[in-house]
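Here's the structure we're looking at; comments come further down.
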Amino acid sequence: MRFPRKSAITVAGAGSVGCYVGALLAASGRKVTLLSRAPLAEAIASHGIRASDLEGRDTTLPPTALTATADASAALQGAKIVLVTVKSRDTETVAQLIKAYTAKDTVVVSLQNGVDNAHVLRRVLGPKRRVLAAMVPFNVVQNHESDEARASTGQRAA
């Protein structure tokens, strides 16, 4: 199944893995919305996001490169693809939000640890919804610079 480049992608549960995946998708020109907790959404909306890896990729995106919000309705409405990156314990809750705010043809992809997450998503969303189980074959670590280092350079990290 191919999606046009302008198809809206929402990352539901944008913590470490979700922000990394979302940042790389946005850097490739995709329309990305990150659904995260309010403090992180506000930091990204104000300062953008940086994603780097051990292979030397280092991508810094301005706040205009993607959308970050804590509002599930705003994040999910219009999404053609939803990447689920919440903790396993929150899968049922996010599935209820996806069911409430997305169209029936929205593709849902579980990028979560755990063996039952796609099953939980399918059970809540119903048999006619397309739910895919995927794997994240890497670890993501947040690198929080000290407040003094950021202050000395005039930057804030998200």
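The numbers here are math on the coordinates, done by the rules we state, and not lab data. In this text the structure is predicted, and so the values were computed from the model without any measurement. Reconstructed Cβ throughout: ideal geometry from the backbone, glycine too, with neighbour counts over all protein chains shown.
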For this session: Please name all residue pairs, on different chains or six or more residues apart, with Cβ atoms under 7 Å, provided the first residue is in the stretch 75-91 and is touching a residue at least 12 places away in the same chain (Cβ under 8 Å) and the second residue is basic (Lys, Arg) and assigned to a helix (DSSP H, G or I).
Result: none
Exercise. When residues of the stretch 94-121 are filtered for being under 26 Å from PHE138 (Cβ atoms) and either surrounded by 15 or more Cβ atoms within 10 Å (Cβ to Cβ) or not polar (S, T, N, Q) (or both), how many remain?
Worked result: 18
For this session: Would you point out which residue out of ALA103, ALA43, ALA74 is out of contact with any Leu (no Cβ under 9 Å at 6 or more places or on another chain), closer than 19 Å to ALA26 by Cβ and not acidic (Asp, Glu)?
Result: ALA43
Exercise. If we only count strands (runs of 3 or more DSSP E) wholly inside the stretch 1-53, which ones have 3 or more residues that are crowded, with 19+ Cβ neighbours inside 10 Å?
Worked result: 8-12, 31-35
Exercise. Of all residues in the stretch 66-76 being surrounded by fewer than 18 Cβ atoms within 10 Å (Cβ to Cβ) and in contact with a strand residue (DSSP E or B) (Cβ under 9 Å, 6 or more places away or on another chain), which is nearest to THR10 (Cα to Cα)?
Worked result: ALA74
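Listed here are the residues, each with its yes/no results for (1) over 15 Å from the mean Cα position of the chain (by Cα); (2) not in a helix (DSSP H, G or I).
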{"residue": "VAL82", "(1), (2)": "no, yes"}
{"residue": "ARG89", "(1), (2)": "yes, no"}
{"residue": "GLU92", "(1), (2)": "yes, no"}
{"residue": "LYS99", "(1), (2)": "yes, no"}
{"residue": "VAL108", "(1), (2)": "no, yes"}
{"residue": "GLY114", "(1), (2)": "yes, yes"}
Exercise. When the residues of the stretch 54-63 are filtered to those that are in contact with a Gly (Cβ under 9 Å, 6 or more places away or on another chain) and surrounded by 11 or more Cβ atoms within 10 Å (Cβ to Cβ), which remaining residue is farthest from ALA27 (Cα to Cα)?
Worked result: PRO63
